[in-house]
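Q: Questions regarding the structure given below will be posed in turn.
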Amino acid sequence: QVQLVESGGGMVQAGGSLRLSCSASGRSFSSNSMGWFRQAPGKEREFVAAITWSGVTRYADSVKGRFTISRDNAKNTVDLQMNSLKPDDTAVYYCAAPESRWTSTDPRHYIYWGQGAQVTVSS
């Protein structure tokens, strides 16, 4: 059974930092891209960042320069380092993986999803 499990969410003041981790089990994702999405209450799920199997990264404009995605293929993990957090970053953050080497900003291209991790940024 394939599982993606996020950890590291929590509450932080504006300007602070959090690091999310996603651990995959059940199969290797070393040949797949992986991504992070988020969903705030009353809003659609939106793309945050993605990384190809070889480490090429892609970011939403809203997080560029503040968030960094990285992966460890040996450990089957992908992390999201979030700095200079803003109240608008408050959302449930999801780890996801498509059946593709290449990144996509469209959540419909992603097959595997984690259960989500809450990130709350207070002003």
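Q: Answer yes or no as to whether MET34 is under 22 Å from PRO107 (Cβ atoms), modelled with pLDDT of 95 or more and in contact with a Pro (Cβ under 9 Å, 6 or more places away or on another chain).
A: Values: under 22 Å from PRO107 (Cβ atoms): yes; modelled with pLDDT of 95 or more: yes; in contact with a Pro (Cβ under 9 Å, 6 or more places away or on another chain): yes.
Against the criterion (under 22 Å from PRO107 (Cβ atoms), modelled with pLDDT of 95 or more and in contact with a Pro (Cβ under 9 Å, 6 or more places away or on another chain)), MET34 qualifies.
Q: Separate question: Of the residues that sit in the range 6-24 and are among the aliphatic types (A, V, I, L, M) and closer than 13 Å to TYR94 by Cα, which one is surrounded by the most Cβ atoms within 10 Å (Cβ to Cβ)?
A: LEU20
Q: Name every residue in the range 40-50 that is open to solvent by 60 Å² or more (accessible area, probe 1.4 Å) and not basic (Lys, Arg), in order of residue number.
A: PRO41, GLY42, GLU44, GLU46
Q: Further, regarding this structure: In the range 69-99, which residues are open to solvent by 40 Å² or more (accessible area, probe 1.4 Å) and over 26 Å from MET11 (Cα atoms)?
A: Result: ASN73, ALA74, LYS75, GLU99.
Q: Now for a separate question. On the given criteria, is ARG101 touching a residue at least 60 places away in the same chain (Cβ under 8 Å) and out of contact with any strand residue (DSSP E or B) (no Cβ under 9 Å at 6 or more places or on another chain)?
A: Details: touching a residue at least 60 places away in the same chain (Cβ under 8 Å): yes; out of contact with any strand residue (DSSP E or B) (no Cβ under 9 Å at 6 or more places or on another chain): yes.
Judged against the criteria, ARG101 is a match.
The values are calculated or read from the model by the stated rules, or taken from the named source; none is laboratory data. Note that the structure is a prediction, hence the values are computed from the model and not measured. Please note: Cβ atoms are built from the backbone with ideal geometry, for glycine as well, and neighbour counts cover all protein chains shown. In case anyone asks, the SASA skips ligands and DNA or RNA and just uses the protein heavy atoms, side chains included. Shrake-Rupley method; radii C 1.70, N 1.55, O 1.52, S 1.80 Å.
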